[in-house]
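Some notes on the structure that comes next.
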Amino acid sequence: MVESALQGLQTHSIVKRFGHGRHSHVAVRNVTFCLVPGARVGIVGESGSGKSTLGRLLVGLDTLSEGRITFDGQDLGDILRSRARRLDYRRAVQLVAQDTSSSFDPLRRLRHAVRVPAQQLAGLDQAAADARVDEVLAALGVPEHLADRYPYEVSGGQRQRFALARALVVRPRFLVCDEVVSALDVSVQGQVLNLLKHSCIDTGAALAFISHGLPATAFVASELAVMVRGEIIERGSTADILARSTQAYTRHLLDAHRVSRHGRTHAMQPPAAALVQPVLAPQGFGARAAHLLRRQRWWLARLAALPGQLLVFALLAFALVRMIPGDPVRTITGGQATPDKYAAVQHSLGLDGTLPEQLGRYLGRLVHLDLGTSLLTGRTLTSEFAQRLPATLELATMGLAASLLVTFIASAIAVMRPRSLASVAIRSYAGAAGAIPDFAIGVLGIFLFYATLHWVPAPLGRLALSIQAPPRVTGLPFVDALLSGDQAAIVSMAQHLVLPVLVMIVAHSAVVLQQLIAGLDEELDKPATLFRISTGAPVSTVLLSVYRRALPATVTMAGTVFGYLVGGAIIIESLFGFEGMGQYLTDAVAGADLTAMQGFLVTIATVSLLIFLLVDLCNMLIDPRRRPGVAKDGA
Amino acid sequence: MSDVISRGQIQPIPAIQGLLLQPAQTTPILLADGLTVSYGPPENSVAAVRDVSFTIGAGDRVAIVGESGSGKTTLALALAGFLRGTSAHVTARTLSFDGIDLRAAVGSRLPRKIPGVTMVFQDAMTSLDPLWTVGSQLGVVVRKNETLRRRDVPLRVRHWLGRVGLMDFDRIVRARPYELSGGMRQRVMLAIAIASRPRLLIADEPTSALDASVAREVMDLMTELTEEAQAALLMVSHDLHMCQGYADRILVMLQGRVVEQVAAAQIETAARHDYTRGLLRCVPTLDCFDVPLLPTLCSVAAPG
Amino acid sequence: MTGSVGARADKIAWVARASGRSTPGFWRRFRWPRLAPAALLLVMGAIGPSIVRYNPVRIAGPGSIAPGAEFWMGTDPTGLDVYSQLVAATRLNLAIATLVALLSTASGIVLGLLIGMNESRTGPIGLAARGIARFVDFAQAVPAIVVGLVLVSFFGASATTLVVAIAAILAPIQTRIVRVEVLRVRSEAFLDAARMAGTGEFALALQHVLPNAARPAVANIAFIFGVSIILTAALGFLGAGLPPPTPEWGSMIARGATDAAVGRWWSASFPFLALIFSVVAMSLAFTAWRRAAR
């Protein structure tokens, strides 16, 4: 191996590590590699060998963990820090990666993509850059009219040539190619390989050709370097390596590419450690407990983060009140109040004293679950909420449960019989997600089902006027009715709930339904479903599998919908005369009861955060991949 | 026109240039005659598969080779019956497996399996169900395809895992696909496929996502398993050389048509179509590393 | 290559394109009839106050009169003419919804971009970005009505408050969409290619990440528009919207609720139809645009 001390690209014992701690992975391990001008080196290895990472490190797209890379004697890190030197470097060293659907900006034409390096790195103006682009495209055999197309309008082979053009347009002295022919059809590979090889020979550019396909690499490169698990185990001329390699791994690799024409290949020695075992579950109670705790660490930490998140909302509510323009005290007292009255109102709003004092008092009271006193009713907010909030939450929960039931049934119909009338109707309904006015539906529902059809009782509260309310145990009206065992009360309450729940279903199911239908449609077409069916799994198992995969996104959406339902419950209460937060809130808004609004914001935020936690836990149960610390791909 | 005589049945095959088919020694289980798959409205339809005819006998090993856009995957899906009920139009003079007419429409959205046909896909990671353990996925298949008592199922699961070379039963049975390495996942997929007792195994690009060495192992295993189960194997791939090594008969597809049907052993001498000969020549091999230029293939139009 | 049936649709489209079939241009693809409802709406918004029959904020006659020759859509319980209120309210409802859609989308794009680009940085900026991302996620869980009520109670009922309040409620939706998209685009290969071409990080974000990441949010505008119309009306219904007697569909429905309970349908139904019509009109126009642009 010719070692030209200063010229070219040299790595000195470089290491690249991804991740940290227990989950770190060393991609490149102590690699010392050089690429001298004019050389054509092929870097071969199988997946996971670190060759792509090496390529990215050579062109400066990733930073090293250890070691250094020098270019013509200068440290690469230094070069990249200075803009002028970095641009010079990019002009001299270019990378072409494998063609994927995202190799080019889908919003720009191909010509633009190829022209930009010429303008930015070579300093050409647009006309000169365009001329250069045409030159390169002609050399690569690309028809000129294709340049005015968008990336998705040309084939993979053409796109790969554009990617090459993009790199070659600045005439780099060093070219790194990473799997540039792997995705191409065989009929096109040859053309690209020929172009690449001869372009490098003609311009004298150095080439580092990274690939897992040995034959293609052997053709393009005059030297080969074999990479395994981050290390280069062998390097030499192509002829030498192909004929006389001494490394077992290399020989194994060569065997794999030599197919005997008929019948089976001769038995191959499997390489060492071919199959990796999954993570060993710890033994012994103590170790198991510690392991379990470590795995559950995340949601415990998440639970511990809850107070912090609440603090954010509390501070937000605090800040909002102080952002009100003008003097809220004056607004409330009417500007004619005596100093005593003014001070009293100011104190109950918490607006007396300096800002830090106000904050301190506010937070101090929050810790004691003291939300202050309502201006309108004079009672503590905590007692007001404790009295009214459970009813609202119960209503919202009932609405959610009913919506989810309807959603599941409707989704099954819509997805399994896609061309039926029912499915079209259901999907149209789902398409209206989010834009269904529950209050209007409620009013019309009252008109239709009560005023016209007389199917439901009058919207005058939870119970018929003649029936005694059941004793308060939990604060949840329906639960209390059930607990009391009072038949008449239960029936009456159920009757009064029919229309409200129906309104909630109609108004809010669409959102979850849309999500679920979309998820199911997607999962049904996936290879996992086809494979299940293909291997003869019973239909029930297949459906269960499809639903389970589609569920997490839907559960998340349901959590958001609960928020809508709480808002919806407030509206329902005002429409149907139910006791709960609704009436209290509208009064508070009208009467500018700021303390109440502030307290309510904090309370609702707490409820929502708890709901979110519940949603996350559910999803982790459904889909084990979402559990943190789960090792993926035990390779 | 060449006729193939098999057990007294004459199976006419429409004229295809370069046809040289070894006489089928086995009972035909899959018959396709004039199979066409198209998408889109009648006035503007795009045909992915055009007028394809061939048969597969019991225990045959057939490969369909083609590049991207040749229609080979669509053909495989049609043969597995997975295009029924989708927006694809599948028409054929004959398309039957084991006597079952595959052209019959299916009402439900869920694809219906053809008894006896199992299809495996390119990537084991996406083929296996990510949320269930290997044991449960294999167990479901075992229970459906073999009449067993419930407590015998775990034993059979172990049997199949051992058959594909996975010895660490306890851990693998409790593992989910993402917890295993790529090679193990591939083997699990094969175990499940063979446990479904197929008479025809269709493998769509079985080695495209794999490194060369792992690809060899997987193909060796696949051919072993199908031979043992006396199942026919249909592999769809773009790798001509790999198919040469593992198939008995090769069908070459170009732009939706089968342009060549030839025995794998004789493909180098007997291939008539320009495209096939071009493909053979322009795949780079280790022997051609020092040639100045690789042979290339100009785009070839399919006949008529 | 996937075995997915869905992926084949893309391939078929590619085959069609590759085989040289031309597709008609944008304007020919545009289905003009679909624009009609939205056009009608805009016209109503523009000339609404001029085509009223009675003064929408003055009592025009006895309460709860059924629709007829004198009052085309009847009167509500307080005696205001329903038709006049309806057309007069169009302008305000549309204006608020449009401003909200623009404001929430613009702020969503900017915020989503900032969060997405800085999330994975170490140090205070990264921490702040992640914190804001979490806050945006949770903000979506707080019921929209509650936020609206709180903000209106603090800052008074006016069109400005409404616009800001509803935009604040809906901006997290757009922010989240953009953030997810930014995270996806960041790992796309063409960004590395742009770096290789010498593009700096800031220019990268502006020229490549922003246009690509903003698309889903822009595609979502019809939804935002619809929701904001409904939310405006919901707040109006609860009495927390525009100060009465400003004509507004939501408060019209609130006034019509008592009538509906006794079988007088008109004062609530017509504003409801107006709501539905607006949402559907904008949705149609938007889908027509998107189909043509594809």
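Rounded to 0.05, the FRET efficiency of the B:Asp98 and A:Arg22 pair, given R0 = 56 Å and the Cβ-Cβ distance, is 0.60.
With 23 Å as the limit, write out which pairs from B:Lys72/B:Lys144; A:Lys197/B:Lys72; A:Lys16/A:Lys197; A:Lys526/B:Lys113 have Cα-Cα distances beyond it, or answer none.
B:Lys72/B:Lys144; A:Lys197/B:Lys72; A:Lys16/A:Lys197
Compactness check for chain C: Cα Rg over 2.2 N^0.38 Å is 1.24.
Relative intensity of segment A:391-580 on a log10 scale, I(q)/I(0) at q = 0.07, 0.08 Å⁻¹, equals -0.26, -0.33, per a Debye sum over C-alpha point scatterers of equal strength in the absence of solvent. Each eigenvalue of the Cα gyration tensor of segment A:115-167, multiplied by 5 and square-rooted, gives one semi-axis; in descending order these are 19, 11, 10 Å. In whole percent, and with a 1.4 Å probe on the protein chains, what portion of the accessible area of segment C:196-294 is carbon and sulfur? Percent of accessible area from carbon and sulfur atoms in segment C:196-294: 70. Residues of segment C:96-113 with amide nitrogen under 12 Å from the 7 Å Cα-to-Cβ point of C:Ala219? Residues passing the 12 Å test: none. The alpha-carbon atoms of chain B, seen along their principal axes, cover 58, 54, 42 angstrom, with the largest extent given first. Local charge for A:Thr238 was computed over the other residues whose Cβ lies under 10 Å away, with Lys and Arg +1 and Asp and Glu -1, and equals -2.
Take the accessible area of B alone and of A alone, subtract that of the pair with a 1.4 Å probe, and the total buried over both chains is about 6600 Å². Short to long, the 10 Å bins of the Cα pair-distance histogram for segment C:28-95 hold 22, 39, 25, 10, 4, 0 percent of all pairs. Given a 1.4 Å probe and every protein chain left where it sits, what share in percent of the accessible area of segment B:60-141 is carbon and sulfur? Here carbon and sulfur together make up 53 percent of the probe-accessible area. For segment C:185-230, the solvent-accessible area of protein heavy atoms averages 34 Å² per residue (probe radius 1.4 Å; ligands and nucleic acids excluded). A P(r) calculated from all alpha carbon pairs of the protein assembly as shown, with 10 Å bins opening at zero, reads 2, 8, 14, 18, 18, 16, 11, 8, 4, 1, 0, 0 percent.
Taking 0.36 nm per intervening residue step and subtracting the Cα-Cα distance, what contour gain separates A:Leu610 from A:Ser383 on full extension?
Answer, rounded to one decimal: 79.7 nm.
Distance from a point 7 Å along Cα→Cβ of A:Met323 to each backbone N in segment C:142-158: keep the residues under 15 Å and list them by number. The answer is C:147-156, whose backbone nitrogens lie closer than 15 Å to the label point.
Measuring nothing but how far apart in sequence close Cα pairs (under 8 Å, 6+ apart) lie, relative to its length, segment A:391-580 scores a relative contact order of 36 percent. Accessible-area loss of 10 Å² or more (1.4 Å probe, protein heavy atoms, chain alone versus all protein chains) is found in segment B:225-257 for B:Glu227, B:His238, B:His241, B:Gln244, B:Gly245, B:Tyr246.
Given in Å, the Rg to one decimal and the Dmax to the nearest whole number for the Cα atoms of segment A:36-133 are 15.7, 43.
Other residues whose C-beta falls under 12 angstrom from the C-beta of A:Phe447 contribute a net charge of 0, scoring Lys and Arg +1 and Asp and Glu -1. Remark on segment C:169-204: accessible area falls by at least 20 square angstrom from chain-alone to full-complex state for C:Arg176, C:Glu188, C:Ala189, C:Phe190, C:Asp192, C:Ala193, C:Arg195, C:Met196, C:Ala197, C:Gly198, C:Thr199, probe 1.4 angstrom. Taking 0.36 nm per residue of separation and subtracting the Cα-Cα distance, full extension of the segment from A:Arg627 to A:Ala344 would add 96.7 nm. The C-A contact accounts for roughly 5600 square angstrom of buried accessible surface, both chains included, probe 1.4 angstrom. Restricting the chymotrypsin sites (Phe, Trp or Tyr not before Pro) of segment C:151-222 to loop positions (DSSP other than H, G, I, E, B) with no more than 15 neighbouring Cβ atoms within 10 Å leaves nothing.
For segment B:114-173, trypsin sites (Lys or Arg not before Pro) meeting the loop criterion (DSSP other than H, G, I, E, B) and having at most 10 other Cβ atoms within 10 Å: B:Arg149. Per residue, segment A:370-465 exposes 45 Å² of accessible surface when a 1.4 Å probe is rolled over the protein heavy atoms with every protein chain present. A Förster radius of 25 Å combined with the Cβ-Cβ distance from A:Ala590 to C:Ile59 puts the calculated FRET efficiency at roughly 0.65. Annotation: amide H of B:Leu254 within the under-5 Å range of B:Val259, sequence separation 5 or more or interchain, hydrogens built in the peptide plane. Working from label points 7 Å from Cα in the Cα-to-Cβ sense, the A:Cys618 to A:Leu376 distance is 3.2 nm. Using C-alpha pairs below 8 Å separated by at least 6 residues, the relative contact order for chain B is 23 percent.
The label point for A:Leu107 and the one for A:Glu144, both projected 7 Å from the Cα toward the Cβ, are 3.0 nm apart. Remark: the A:Glu522-A:Thr354 segment gains 54.7 nm on full extension, using 0.36 nm per residue and subtracting the alpha carbon distance. Give me the 1.4 Å probe accessible area per residue for segment A:522-623, excluding ligands and nucleic acids, in Å². Each residue of segment A:522-623 exposes 27 Å² on average to a 1.4 Å probe.
Tell me, what % of the accessible area of segment A:391-580 is carbon and sulfur with a 1.4 angstrom probe? Accessible surface attributable to carbon and sulfur in segment A:391-580 totals 71 percent. Once the partner protein chains are put back, segment C:99-141 shows a loss of at least 10 square angstrom of accessible area, versus the chain by itself, at C:Arg134, C:Phe135, C:Asp137, C:Phe138, C:Gln140, C:Ala141 (probe 1.4 Å, ligands and nucleic acids excluded). Taking each DSSP H run with n ≥ 4 as -39500 (n - 2.57) and averaging over every residue of the protein assembly as shown yields -17000 deg cm²/dmol at 222 nm.
Distance between the pseudo-spin-label points of C:Arg31 and A:Leu369 (7 Å out from Cα toward the beta carbon): 5.7 nm. On the basis of the beta-carbon distance and an R0 of 22 Å, A:Ser420 and B:Asn44 show a calculated FRET efficiency of 0.25.
Counting pairs of alpha carbon atoms under 8 Å apart in space and at least six apart in sequence, what relative contact order in percent does chain C give?
Here the relative contact order equals 25 percent.
In terms of overall dimensions, the C-alpha atoms belonging to chain A reach 100, 68, 65 Å along their principal axes, ordered largest to smallest.
About its Cα centre, chain B has a charge dipole of approximately 1320 debye under the convention of +1 per Lys or Arg Cβ and -1 per Asp or Glu Cβ, with nothing else charged.
The values are calculated or read from the model by the stated rules, or taken from the named source; none is laboratory data. Here the structure is a predicted model, which is why all the values come from computation and not from measurement. Cβ sites come from the backbone with ideal geometry, for glycine too, and all protein chains shown count toward neighbours. Quick note on the areas: whole protein, heavy atoms, side chains included, nothing else; ligands and nucleic acids left out. Shrake-Rupley method; radii C 1.70, N 1.55, O 1.52, S 1.80 Å.
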